[in-house]
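Trainee: Could you have a look at this structure, given as structure tokens, before my questions?
The values are calculated or read from the model by the stated rules, or taken from the named source; none is laboratory data. Keep in mind the model is a prediction, meaning the values are calculated, not measured. Neighbour counts run over all protein chains shown; Cβ positions are idealised from the backbone, glycine included.
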């Protein structure tokens, strides 16, 4: 190698090194710690005939979310929802975009009621179009994108304004979005279309009973203690940000108690999900607005938060006292999550054994079918 080339190489090397040093630290770090992503959108028929399945989905959403965590413990998990009916009903589609804030999705799911749907076909075409083309799917290669279409009636193919599902599914394939078709009931005309959708969408055709089948609800001897510990963890939350955000975070800390009063097993599912997510996010509640989680995960610093975005309990303290209180709650949450993790592990073993003993010969319930499909389609 000539000395001229050697000098040029050294010079370019120094320039390259200086350029790297000039890059924002957050930019280079974000590349290094980027995590895989799993995104799941449920496209749900919410007309009158879907009442039983819809209520079942409300009870099992946390179990379904936890099954994704179990298969992808280090992934960012985002869930979205498209509810659909038909023209002439209260709404044609109602959309809740993909988000890591699963508690927010859950709260919106609870508000959905099964009503409407006068004639037989529904606005399936529009709902699928919204799911594939309007939801904010993450770009990139290390992303699993999955749709579950859930309904009992075929699409209106006579609506001229709708983008028909074959065209939508071409786009889905281009964007690596897998589309599964879950058929509630046994309508032959719907079955033919659902099978076609699953085939074109590179997904599964999943027939289940009209009411969603027998939900797998397993209560364990650990549920009460798990709920108690999660309530204590919720007590470590420090809401911050705009007042509307702080109020929403406070509501999330109360959500567990509300679920536990109606369905202890579902509350235990929620606590299990939060505990497993806490290992990479330090979350006690999902979404933004908890200062303890934001600081622990590096998304914010205490010094960067304006006084008017702090809760009253912190605002009245000195900077030193604020830091001491934040540190105290951070350490308390860590210790409580370690205790909770041990209980969750025992609960998982109990549930696994119970499912093994009671497993039907064929998957036939909404929750089990979705969980089995997600495990297969999100496995890395």
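Trainee: For residue 75, work out the one condition from (1) more than 24 Å from the chain's Cα centre (by Cα); (2) modelled with pLDDT under 95 it doesn't fulfil.
Mentor: With respect to (1) more than 24 Å from the chain's Cα centre (by Cα); (2) modelled with pLDDT under 95, residue 75 is out only on (1).
Trainee: Condition first: at pLDDT 95 or above, more than 26 Å from residue 59 (Cα to Cα) and surrounded by 21 or more Cβ atoms within 10 Å (Cβ to Cβ). Can you find one or more residues in region 136-156 that meet it?
Mentor: yes
Trainee: Now for a different question. Please tell me if residue 264 is in contact (Cβ under 8 Å) with a residue 40 or more places away in the chain, farther than 16 Å from residue 103 by Cβ and not assigned by TED's automatic domain parsing to the domain that holds residue 103.
Mentor: It is true that residue 264 is in contact (Cβ under 8 Å) with a residue 40 or more places away in the chain, farther than 16 Å from residue 103 by Cβ and not assigned by TED's automatic domain parsing to the domain that holds residue 103.
Trainee: Something else now. Filter region 136-152 down to the residues that are closer than 29 Å to residue 74 by Cα and part of a loop (DSSP other than H, G, I, E, B) and list them by number.
Mentor: 136, 137, 138, 139, 140, 141, 142
Trainee: Then there is this: If I ask for residues that are closer than 25 Å to residue 270 by Cα and in a loop (DSSP other than H, G, I, E, B), which ones from region 88-135 would you list?
Mentor: 100, 101, 112, 113, 114, 135
Trainee: Right, another one. On the given criteria, is residue 31 at pLDDT below 95, in a helix (DSSP H, G or I) and either assigned by TED's automatic domain parsing to the domain that holds residue 209 or within 27 Å of residue 277 (Cβ to Cβ) (or both)?
Mentor: Taking the combined requirement at face value, the residue satisfies it.
Trainee: Oh, and also: Checking residue 259 against (1) under 24 Å from residue 72 (Cα atoms); (2) assigned to a helix (DSSP H, G or I); (3) at pLDDT below 95; (4) in contact with a helix residue (DSSP H, G or I) (Cβ under 7 Å, 6 or more places away or on another chain), which single condition isn't satisfied?
Mentor: All conditions are met except number (1).
Residue-wise test of (1) in contact with a strand residue (DSSP E or B) (Cβ under 7 Å, 6 or more places away or on another chain); (2) assigned by TED's automatic domain parsing to the domain that holds residue 66; (3) modelled with pLDDT of 95 or more; (4) under 13 Å from residue 239 (Cα atoms).
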| position | (1), (2), (3), (4) |
| --- | --- |
| 280 | no, no, no, no |
| 284 | yes, no, yes, yes |
| 293 | no, no, yes, yes |
| 298 | no, no, no, no |
| 320 | no, no, yes, no |
| 331 | no, no, yes, no |
| 336 | no, no, yes, no |
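Trainee: Name, by its number, the condition in (1) modelled with pLDDT under 95; (2) in contact with a helix residue (DSSP H, G or I) (Cβ under 6 Å, 6 or more places away or on another chain) that does not hold for residue 210.
Mentor: It is condition (2) that residue 210 fails.
Trainee: Here is a list: 100, 95. Which entry is touching a residue at least 24 places away in the same chain (Cβ under 8 Å), within 24 Å of residue 164 (Cα to Cα) and in contact with a strand residue (DSSP E or B) (Cβ under 6 Å, 6 or more places away or on another chain)?
Mentor: 95
Trainee: Going through region 233-248 one residue at a time, which ones are closer than 15 Å to residue 335 by Cα and surrounded by fewer than 16 Cβ atoms within 10 Å (Cβ to Cβ)?
Mentor: 235
Trainee: Okay, next question. Test residue 55 against the criterion of being at pLDDT below 95 and either under 16 Å from residue 102 (Cα atoms) or assigned by TED's automatic domain parsing to the domain that holds residue 137 (or both), and give yes or no.
Mentor: Yes: the conditions hold for residue 55.
Trainee: Name the residues in region 207-231 that are within 26 Å of residue 153 (Cβ to Cβ) and over 24 Å from the mean Cα position of the chain (by Cα), would you?
Mentor: 209, 210, listed by residue number.
Trainee: Just one of 288, 307 is under 24 Å from residue 248 (Cα atoms) and under 21 Å from the mean Cα position of the chain (by Cα); which is it?
Mentor: Sole residue among the options that is under 24 Å from residue 248 (Cα atoms) and under 21 Å from the mean Cα position of the chain (by Cα): 288.
Trainee: Continuing with this model, one more query. Condition check: modelled with pLDDT of 95 or more, under 27 Å from residue 354 (Cβ atoms) and out of contact with any strand residue (DSSP E or B) (no Cβ under 6 Å at 6 or more places or on another chain). Does residue 228 satisfy that?
Mentor: yes
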